[in-house]
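The values are calculated or read from the model by the stated rules, or taken from the named source; none is laboratory data. Not measured: the values here are computed from a predicted model. Every residue, glycine among them, receives a Cβ derived from its backbone with ideal geometry; neighbour counts consider all protein chains shown.
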């Protein structure tokens, strides 16, 4: 009897302990303070676009810098959907029109700059890019006094707001600063950079400036029809202060509507209290950051990650166009739009694991709306570029955990792409299916190769994903059987003594920046790092790729890509080292700037995808979810003894949190949003104890540090190494304060040369 009572007491104690454990607070984050340690701090004024401070709302935004030779502070404003639309007069863009070119038919167009002119001569200044509140604050010192400013782009409005206060005086009286709008050149940037191309391009007419009832406007008419407009109004305040509202509207292809929309946006802002607009704006940003969290024992890398999260949210929103090379931060470039052979794919990886799927919705919309046109465009040796983009589409839905949507939206598109690949297959004398000449992006320019590893890996992934999707949704068995037959007959990736080749008749025999031939490992995982033979193959392939030719042709994304590849292989030390090389070292034809933007061709061409993909590579050291398994801390550098993350998302729609202390995983929390099968791999764990509320959930211990859970949608569990372990809260890693705010222009660290294209000034 006594023994029975003891068992009951023990059971009651265990239940009470479990409830207390599960209800225990698992995070301890002072969000304003934490995000604040990553603010970009400009100890001196940025002097060109390539080092500017930036704010945006996913559609509209601006880049701020000082133009000292003209004694002004420039705010280069942009709106993502402002493009030409030649060959499509009845649409906003001619993207998708047969024969239309991003260079000349639907390039991004320059809206212009709003210039703040102090009364005195600019002497110095400093800025802080406040990420928690998504605003720029700063001080401009002139020989007549000081100007303080605040600038932000309200998330809910297509508007930029500038608050100015001045102490400048002349003879003891307030000296007036002024605003001046400078329209951008409405010609394709490609034509501006390469004037010879004006023989095949006629520029748009000059804009028309007007003023009515205190609102100033600039209307830019397009030769293809329609117009876009910028409107602004200054509202004076007390003691030489004012607030300027600048709105950009784009009602193309409609005629004579953009000006009215832009002006109405100004009027609505003037009727709304500034506090209300500020609160709406801040509430959105504060909620955005708190959807996930990570902290690592590397202040620079941690800051870089969070700045990219901020940047992505300033550049993408569900109702904006798919993110091109600029986002809302336009500048003249020889690449004035969206590119498909690596750029758009890398751009969107960071939204997945960070639990910001909403920022990837516009890419899905683009593909849904333009699929048939894109299929026609890529029905050639460049088919792999579109197939790779469809992998992004697949990832977006897999992280969302909805097989039904995959079956309804993705599978029909994948089937059509598969049919295009089928036309390029030939059977050899061994009965294998080989692939005719196709591209491997950027190797020897645009040459094509038999059995291109790029396309073979993509087609192998496509078939595998189609089979899995069809089996999940009980699709036609005959189709599944046909795909399996094709997959089994498909020739393996061509290899030699150095690893994966470009094609069966082309070795990787010179330095090459693109990792297209290595897509089989990352991000496709048709080569499996858990398989010893695949692992050895990929290992030597990655090493060879970076070492050949001394790496002289590598670019920035060669390093971010290598970091992801090394993370996939579990080589945390190598992933961390190569990421630091990207952040601080020589990255060939590329430059990573003090504001974390990335440029090529001597700094003249911004290319947004590389730093965004670097953020993803950082998070992949903490969490991965390929191959049907959630992998906790899969690629930890030896020096990262303490790491924590909260609500990172995985394939299958799981939200995962974990803490690492003293080099050991302390606990893991998993919430299932879709009820998919759950296998979690925790290095160093041979056993686990499960705690949860509600029904009893089965935990099955598997070989190789793996555990299976039978979670239903909405259920959440905590896994512990010991049954009596305490939950150490997810919280920021304690780092020296002097390591914070790494980015922004520091004293004496400005760029030493003008990195803009040298173009004639555009005048009206």
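Any idea how many residues of the stretch 379-406 are modelled with pLDDT of 95 or more, farther than 18 Å from residue 345 by Cβ, under 24 Å from the mean Cα position of the chain (by Cα) and not in a helix (DSSP H, G or I)?
So the answer is 1.
Return the residues of the stretch 131-158 that are under 23 Å from residue 79 (Cβ atoms) and either in a strand (DSSP E or B) or without any contact (Cβ under 8 Å) to a residue 40 or more places away in the chain (or both); say none if nothing qualifies. Walk me through how you get there before you give the answer.
So in the stretch 131-158, the residues under 23 Å from residue 79 (Cβ atoms) come out as 131, 133-136, 149-158.
Of everything in the stretch 131-158, those that are under 23 Å from residue 79 (Cβ atoms) and either in a strand (DSSP E or B) or without any contact (Cβ under 8 Å) to a residue 40 or more places away in the chain (or both) turn out to be 135, 136, 149, 150, 151, 152.
How many residues does the stretch 35-68 contain that are within 22 Å of residue 111 (Cβ to Cβ) and either surrounded by fewer than 22 Cβ atoms within 10 Å (Cβ to Cβ) or modelled with pLDDT under 95 (or both)?
Within the stretch 35-68, the subset within 22 Å of residue 111 (Cβ to Cβ) is 46-67.
Applying the additional criterion that residues be either surrounded by fewer than 22 Cβ atoms within 10 Å (Cβ to Cβ) or modelled with pLDDT under 95 (or both) yields 47-48, 67.
Of the residues in the stretch 35-68, 3 are within 22 Å of residue 111 (Cβ to Cβ) and either surrounded by fewer than 22 Cβ atoms within 10 Å (Cβ to Cβ) or modelled with pLDDT under 95 (or both).
Among 419, 409, which is part of a helix (DSSP H, G or I) and closer than 30 Å to residue 712 by Cβ?
Working: 419 fails: closer than 30 Å to residue 712 by Cβ.
Selected residue: 409, the only one of 419, 409 that is part of a helix (DSSP H, G or I) and closer than 30 Å to residue 712 by Cβ.
Would you check if there is a residue in the stretch 536-552 being surrounded by 19 or more Cβ atoms within 10 Å (Cβ to Cβ), within 30 Å of residue 48 (Cα to Cα) and modelled with pLDDT of 95 or more?
Within the stretch 536-552, none of the residues are surrounded by 19 or more Cβ atoms within 10 Å (Cβ to Cβ), within 30 Å of residue 48 (Cα to Cα) and modelled with pLDDT of 95 or more.
With respect to residue 426, determine if the residue is in contact with a strand residue (DSSP E or B) (Cβ under 7 Å, 6 or more places away or on another chain) and either closer than 28 Å to residue 491 by Cα or assigned to a helix (DSSP H, G or I) (or both).
On the way: in contact with a strand residue (DSSP E or B) (Cβ under 7 Å, 6 or more places away or on another chain): yes; either closer than 28 Å to residue 491 by Cα or assigned to a helix (DSSP H, G or I) (or both): yes.
Considered against the rule, which asks whether it is in contact with a strand residue (DSSP E or B) (Cβ under 7 Å, 6 or more places away or on another chain) and either closer than 28 Å to residue 491 by Cα or assigned to a helix (DSSP H, G or I) (or both), residue 426 comes out as yes.
Which condition breaks for residue 210 when tested against (1) touching a helix residue (DSSP H, G or I) at 6+ places or on another chain (Cβ under 9 Å); (2) in a helix (DSSP H, G or I); (3) surrounded by fewer than 20 Cβ atoms within 10 Å (Cβ to Cβ)?
(2)
Within the stretch 466-473, does at least one residue satisfy the condition of being more than 15 Å from residue 425 (Cβ to Cβ), assigned to a loop (DSSP other than H, G, I, E, B) and either at pLDDT 95 or above or in contact with a strand residue (DSSP E or B) (Cβ under 8 Å, 6 or more places away or on another chain) (or both)?
From the stretch 466-473, those more than 15 Å from residue 425 (Cβ to Cβ) are 466-473; that's our starting set.
Among the residues that remain, those that are also assigned to a loop (DSSP other than H, G, I, E, B) are: 473.
Now restrict to residues that are either at pLDDT 95 or above or in contact with a strand residue (DSSP E or B) (Cβ under 8 Å, 6 or more places away or on another chain) (or both): none.
Within the stretch 466-473, not a single residue is more than 15 Å from residue 425 (Cβ to Cβ), assigned to a loop (DSSP other than H, G, I, E, B) and either at pLDDT 95 or above or in contact with a strand residue (DSSP E or B) (Cβ under 8 Å, 6 or more places away or on another chain) (or both).
Filter the stretch 646-666 down to the residues that are more than 26 Å from the chain's Cα centre (by Cα) and over 14 Å from residue 630 (Cβ atoms) and list them by number.
Our first condition is that a residue be more than 26 Å from the chain's Cα centre (by Cα); within the stretch 646-666, this holds for 660-666.
Those that are more than 26 Å from the chain's Cα centre (by Cα) and over 14 Å from residue 630 (Cβ atoms): 660, 661, 662, 663, 664, 666.
Among 307, 248, which is part of a strand (DSSP E or B) and either under 30 Å from residue 648 (Cα atoms) or more than 21 Å from the chain's Cα centre (by Cα) (or both)? If you could, list the steps in order and put the result at the bottom.
Working: 307 fails: part of a strand (DSSP E or B).
Being part of a strand (DSSP E or B) and either under 30 Å from residue 648 (Cα atoms) or more than 21 Å from the chain's Cα centre (by Cα) (or both) holds for just one of 307, 248, which is 248.
Among all residue pairs at least 6 apart or on different chains, which show Cβ distances below 6 Å where the first residue, located in the stretch 494-517, is touching a residue at least 60 places away in the same chain (Cβ under 8 Å) and the second is assigned to a strand (DSSP E or B)?
These pairs meet every condition: 502/449; 503/449; 506/449; 514/442; 517/500.
What number of residues within the stretch 279-297 satisfy the criterion of being assigned to a helix (DSSP H, G or I) and out of contact with any strand residue (DSSP E or B) (no Cβ under 8 Å at 6 or more places or on another chain)? It would help to see each step written out before you state the result.
Taking the stretch 279-297 as the starting set, the residues that turn out to be assigned to a helix (DSSP H, G or I) are 279-289.
Now drop any that are not out of contact with any strand residue (DSSP E or B) (no Cβ under 8 Å at 6 or more places or on another chain), which leaves 279-280, 282-289.
Going through the stretch 279-297 one residue at a time, the tally reaches 10.
Is it the case, given these coordinates, that residue 399 is surrounded by 17 or more Cβ atoms within 10 Å (Cβ to Cβ), closer than 30 Å to residue 508 by Cβ and touching a residue at least 12 places away in the same chain (Cβ under 8 Å)?
Working: surrounded by 17 or more Cβ atoms within 10 Å (Cβ to Cβ): yes; closer than 30 Å to residue 508 by Cβ: no; touching a residue at least 12 places away in the same chain (Cβ under 8 Å): yes.
No: the conditions fail for residue 399.
How about the stretch 429-448: which of its residues are touching a strand residue (DSSP E or B) at 6+ places or on another chain (Cβ under 6 Å), in a loop (DSSP other than H, G, I, E, B) and buried (at least 20 other Cβ atoms within 10 Å of the Cβ)?
Within the stretch 429-448, just 440 meets the criteria.
Among the strands (runs of 3 or more DSSP E) contained in the stretch 638-730, which hold 3 or more residues that are closer than 25 Å to residue 399 by Cβ and touching a helix residue (DSSP H, G or I) at 6+ places or on another chain (Cβ under 9 Å)?
Values: elements: 643-650, 654-661, 664-672, 678-681, 689-691, 699-702, 706-709, 716-720.
Output list reads 643-650, 716-720.
In the stretch 713-736, what residues are within 14 Å of residue 675 (Cα to Cα) and exposed (fewer than 12 other Cβ atoms within 10 Å of the Cβ)? Steps first, answer last, please.
Going through the stretch 713-736, the residues within 14 Å of residue 675 (Cα to Cα) turn out to be 713-717.
Answer for the stretch 713-736, where residues must be within 14 Å of residue 675 (Cα to Cα) and exposed (fewer than 12 other Cβ atoms within 10 Å of the Cβ): just 714.
Quick one: count up the residues across the stretch 534-582 that are in a helix (DSSP H, G or I) and under 17 Å from residue 498 (Cβ atoms).
Filtering the stretch 534-582 down to residues in a helix (DSSP H, G or I) leaves 534-551, 556-568, 572-582.
From what's left, under 17 Å from residue 498 (Cβ atoms): 534-551, 558, 562, 565.
Within the stretch 534-582, residues that are in a helix (DSSP H, G or I) and under 17 Å from residue 498 (Cβ atoms) number 21.
Being modelled with pLDDT of 95 or more and either within 34 Å of the chain's Cα centre (by Cα) or surrounded by fewer than 18 Cβ atoms within 10 Å (Cβ to Cβ) (or both) narrows it down to one of 186, 195, so name that one. Explain how you work it out, then say what you get.
On the way: 195 fails: modelled with pLDDT of 95 or more.
None of the others qualify; the one that does is 186.
Scan the stretch 676-701 residue by residue and report those that are buried (at least 19 other Cβ atoms within 10 Å of the Cβ) and modelled with pLDDT under 95.
Of everything in the stretch 676-701, those that are buried (at least 19 other Cβ atoms within 10 Å of the Cβ) and modelled with pLDDT under 95 turn out to be 691, 692.
Test each condition in (1) touching a strand residue (DSSP E or B) at 6+ places or on another chain (Cβ under 7 Å); (2) within 25 Å of residue 122 (Cβ to Cβ); (3) free of Cβ contacts under 8 Å to residues at least 24 places away in the same chain for residue 214 and report the one that comes out false.
Only one criterion in (1) touching a strand residue (DSSP E or B) at 6+ places or on another chain (Cβ under 7 Å); (2) within 25 Å of residue 122 (Cβ to Cβ); (3) free of Cβ contacts under 8 Å to residues at least 24 places away in the same chain is unmet by residue 214, namely (2).
Could you check the stretch 596-620 and list, in sequence order, the residues that are outside any helix (DSSP H, G or I), free of Cβ contacts under 8 Å to residues at least 60 places away in the same chain and either in contact with a helix residue (DSSP H, G or I) (Cβ under 7 Å, 6 or more places away or on another chain) or closer than 18 Å to residue 565 by Cα (or both)? If you could, list the steps in order and put the result at the bottom.
Residues of the stretch 596-620 outside any helix (DSSP H, G or I): 596-608.
Subset that is free of Cβ contacts under 8 Å to residues at least 60 places away in the same chain: 598, 600.
Passing the criteria: only 598.
When you check residue 330 against the structure, is it more than 26 Å from residue 564 (Cα to Cα) and surrounded by 23 or more Cβ atoms within 10 Å (Cβ to Cβ), yes or no? Step through it out loud before you land on a result.
On the way: more than 26 Å from residue 564 (Cα to Cα): yes; surrounded by 23 or more Cβ atoms within 10 Å (Cβ to Cβ): yes.
Answer is yes for this residue.
Take the residues in the stretch 483-508 that are out of contact with any strand residue (DSSP E or B) (no Cβ under 7 Å at 6 or more places or on another chain) and either assigned to a strand (DSSP E or B) or at pLDDT below 95 (or both); name whichever of them is farthest from residue 406 (Cα to Cα).
Checked the stretch 483-508; the qualifying residue farthest from residue 406 (Cα to Cα) is 496.
Which one of these does residue 314 not meet: (1) assigned to a helix (DSSP H, G or I); (2) closer than 30 Å to residue 629 by Cα; (3) within 14 Å of the chain's Cα centre (by Cα)?
Of the numbered conditions (1) assigned to a helix (DSSP H, G or I); (2) closer than 30 Å to residue 629 by Cα; (3) within 14 Å of the chain's Cα centre (by Cα), the odd one out for residue 314 is (2).
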